[in-house]
């Protein structure tokens, strides 16, 4: 009996080591992603790739290029990763690829080649959250998956919080290309040993079992995709994910430039001020995970609805604030409310999908959501640029630039209207489904 209890406790600890590993990898990946967001404030980097400081659309499209590769990869490659390689090997292959791509990025001497490298980086990182979701589904019941989902998603905020000041510090101390080299080495040296040591799927789980033939491989992939497309509420959850990610990518990619140019903060101030909203996200993601396990599955849509209202009001207050520090505090609050809704997305996908289809189902929602959200940085860049033209020089130009950023950030409010509507639809549909189940059991 003691041996059985000891083995059970050991298994419970090991599954959490895997969650911690996934948390670290997500954090590393988000430092990679926002590296460009800080670099576009550096004149030497812009000159290297042939970009004008006023070309907001092209600057925003660097983030969009990453998200296009990421979205297609999450949607297309996830079923192959799940069926052919499994969670562990897929993570190792991904870390190798995105480490090499990151390290080699300074070798690209044109805007087009840099765009291509961002697409390839997105492709290599695309299956990450789907694989993490499959790991959690395999190790945790639906009534206890809130905290592990929250912990993994906390890597999002931590990566952004560390990334802004880290890249800013590297920019002030070394040449701009040092950030790519440091991050590329960190991916491989830190990420791969952790995966090999701690990411294990349960015994008997067909994780990456090699197919006996090409026909069997394609059949397995086809079955996973077909099952994923039958996930309950797939369209609504995908639309919600698109809107939630649009806020994350729009705000995180333009935040450093917004703080410097619209609010007048220095490079050093920009680094730590840009990290504050991300620390708020880390805290809120944990709180959101605890809430999911406490409130019960039927009330999870209320988290989406309440948090989206908080995000929208906070962004509105930030836009209208006259004091730059008040505006920064409002953006901290906006990210806190966004963090509350973050772990509810993978938790909902895991609840609505079958275990063998979870990775691919999340690949659909995260992949399509990333493709849609990927256009937000470029869209915001277009609005910022359009609203900033024609002001001349001096104070008038600064005021025009600020008004452009305010208009661009106003787009983020619209994303939360969509999140609220989707949350309401999920609540109504689950309520109707529960009522139908109850009436059916009474009739029988």
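The values are calculated or read from the model by the stated rules, or taken from the named source; none is laboratory data. Bear in mind that the values here come from a model prediction, so they are computed numbers and not experimental data. Note that each Cβ is placed from the backbone with ideal geometry, even for glycine, and that neighbours are counted across all protein chains shown.
Data table
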{"quantity": "Members of the range 319-335 found to be in contact with a helix residue (DSSP H, G or I) (Cβ under 7 Å, 6 or more places away or on another chain) and surrounded by fewer than 24 Cβ atoms within 10 Å (Cβ to Cβ), listed by number", "calculated": "319, 321, 327, 328, 330, 332, 333"}
{"quantity": "Candidate set from the range 165-183 (those that are without any contact (Cβ under 8 Å) to a residue 40 or more places away in the chain and in a helix (DSSP H, G or I)); member that is surrounded by the fewest Cβ atoms within 10 Å (Cβ to Cβ)", "calculated": "173"}
{"quantity": "Test: residue in the range 54-74 that is farther than 22 Å from residue 370 by Cβ and either in contact with a helix residue (DSSP H, G or I) (Cβ under 9 Å, 6 or more places away or on another chain) or buried (at least 20 other Cβ atoms within 10 Å of the Cβ) (or both)", "calculated": "yes"}
{"quantity": "Cross-chain or 6+ apart pairs with Cβ under 6 Å, the range 365-386 first and without any contact (Cβ under 8 Å) to a residue 24 or more places away in the chain and on the phi < 0 side of the Ramachandran plot, then surrounded by fewer than 24 Cβ atoms within 10 Å (Cβ to Cβ) and assigned to a helix (DSSP H, G or I)", "calculated": "none"}
{"quantity": "All positions within the range 350-377 that are within 24 Å of residue 412 (Cβ to Cβ) and surrounded by fewer than 24 Cβ atoms within 10 Å (Cβ to Cβ)", "calculated": "368, 371, 372, 375"}
{"quantity": "For residue 47: the one exception among (1) at pLDDT 80 or above; (2) assigned to a helix (DSSP H, G or I); (3) under 30 Å from residue 173 (Cα atoms); (4) in contact with a helix residue (DSSP H, G or I) (Cβ under 9 Å, 6 or more places away or on another chain)", "calculated": "(4)"}
{"quantity": "Residue that is farthest from the chain's Cα centre (by Cα), among those in the range 147-164 that are surrounded by fewer than 24 Cβ atoms within 10 Å (Cβ to Cβ) and more than 15 Å from residue 275 (Cβ to Cβ)", "calculated": "147"}
